[in-house]
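Quick note: the coordinates plus some simple rules give every number you see, no bench work behind them. Treat the numbers as computed from the prediction; the structure is a model and nothing was measured. Glycine also receives a Cβ, built like all others from the backbone with ideal geometry; neighbour counts cover every protein chain displayed.
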């Protein structure tokens, strides 16, 4: 099976603070991989490096055989990103926002499908600033997946979503044909949707689990909770 992500001895610091230390892992095509750890463990930093948003200090990184730091524009044409803390532009309606991302990517979007799946009927003509946090999150989910990217990078996807939509989002992950790289501190989510889970703490990968049965107990044991 083809590798979609290859990381070897990745390191990153912010000033004197070490964010990532000697991180190495691989992700295969169509695999759902989770980075599971507490807040501040290095999950978001990893996604930012893999998607070309920030550079690395050392190590080798390949995403779809591209170096994210040197070929970020080419890479972003092939991926989707669902960030942890971001909102659609406040001056656009929901419809305008999805039209905007469709135009930017030069890909058609089936808005009716996403509106139905994410239960946004009757809300798409409102300015996004007037939508709830959960409704804005739904728009970000749609923009990450609509263009059938090869990989979607996801950081804490269930923020502000009600339980019904959470289940629909899990279904979206499982039905997706490409690779999903998921960062979360939600043990139940990782155990339910991921094929492989890495534990990360203080910028270091501490464990790898390809069998996610009893993941919560493994996680609690690893962090001495």
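Label the stretch 157-205 by shape, choosing from rounded, prolate and oblate, from the square roots a ≥ b ≥ c of the eigenvalues of the Cα gyration tensor; if a/c is under 1.5 it is rounded, and otherwise prolate applies when a/b is larger than b/c, oblate when it is not.
On the way: a/c = 2.42, a/b = 1.44, b/c = 1.68.
Cα axes put the stretch 157-205 in the oblate bin.
On C-alpha positions alone, give me the angle between the axis of helix 163-175 and the longest principal axis of the chain, in degrees, nearest 10.
For 163-175 against the chain, the angle is about 70 degrees.
Can you give the helix-only mean residue ellipticity at 222 nm for the chain, where every DSSP H stretch with n ≥ 4 adds -39500 (n - 2.57) and the sum goes over all residues, rounded to the nearest 500 deg cm²/dmol?
Values: 8 runs with 73 residues, N = 225.
When only DSSP H runs of four or more count, the value is -9000 deg cm²/dmol.
Relative contact order of the chain, please, whole-number percent, based on alpha carbon pairs below 8 angstrom and at least 6 residues apart.
Details: 410 pairs, mean separation 63.0, N = 225.
Once normalised by length, the contact order is 28 percent.
Once you order the gyration tensor axes a ≥ b ≥ c over the Cα atoms, which shape class does the stretch 1-127 get: rounded for a/c under 1.5, otherwise prolate or oblate by comparing a/b with b/c?
Values: a/c = 2.20, a/b = 1.83, b/c = 1.20.
Prolate is the answer for the stretch 1-127, as a/c is 1.5 or above and a/b outweighs b/c.
P(r) tail for the chain, what percent of Cα pairs lie past 26 Å? Don't skip to the answer; put the middle values down first.
On the way: 9165 of 25200 pairs.
Pairs farther apart than 26 Å: 36 percent.
I want to check the label-to-label distance for residue 159 and residue 74. Put each point 7 Å from Cα in the C-beta direction and report it in nm to one decimal.
3.2 nm
Compute the helix-to-body angle for 133-145: its Cα long axis versus the longest principal axis of the chain, expressed 0 to 90° and rounded to tens.
Once rounded, the angle reads 80 degrees.
Could you calculate the contour length gain from residue 104 to residue 39, that is, 0.36 nm times the residue separation minus the distance between their Cα atoms, to one decimal place in nm? Before the final figure, lay out the partial values.
Values: separation 65, 0.36 × 65 = 23.40 nm, distance 3.24 nm.
Length gained, residue 104 through residue 39: 20.2 nm.
Find the centroid of the Cα atoms in the stretch 157-201 and in the stretch 19-77, then give the distance between the two in whole Å.
Computed from Cα coordinates, the inter-centre distance equals 18 Å.
Please determine, in degrees from 0 to 90 and to the nearest 10, the orientation of helix 94-105 with respect to the longest principal axis defined by the Cα atoms of the chain, where the helix direction is its Cα long axis.
Roughly 60 degrees between the two axes.
For the stretch 89-148, what does the relative contact order come out to in percent, with C-alpha contacts under 8 Å and a separation of six or more? Mind showing how you got there, number by number?
Values: 45 pairs, mean separation 29.6, N = 60.
Worked out over the stretch 89-148, it gives 49 percent.
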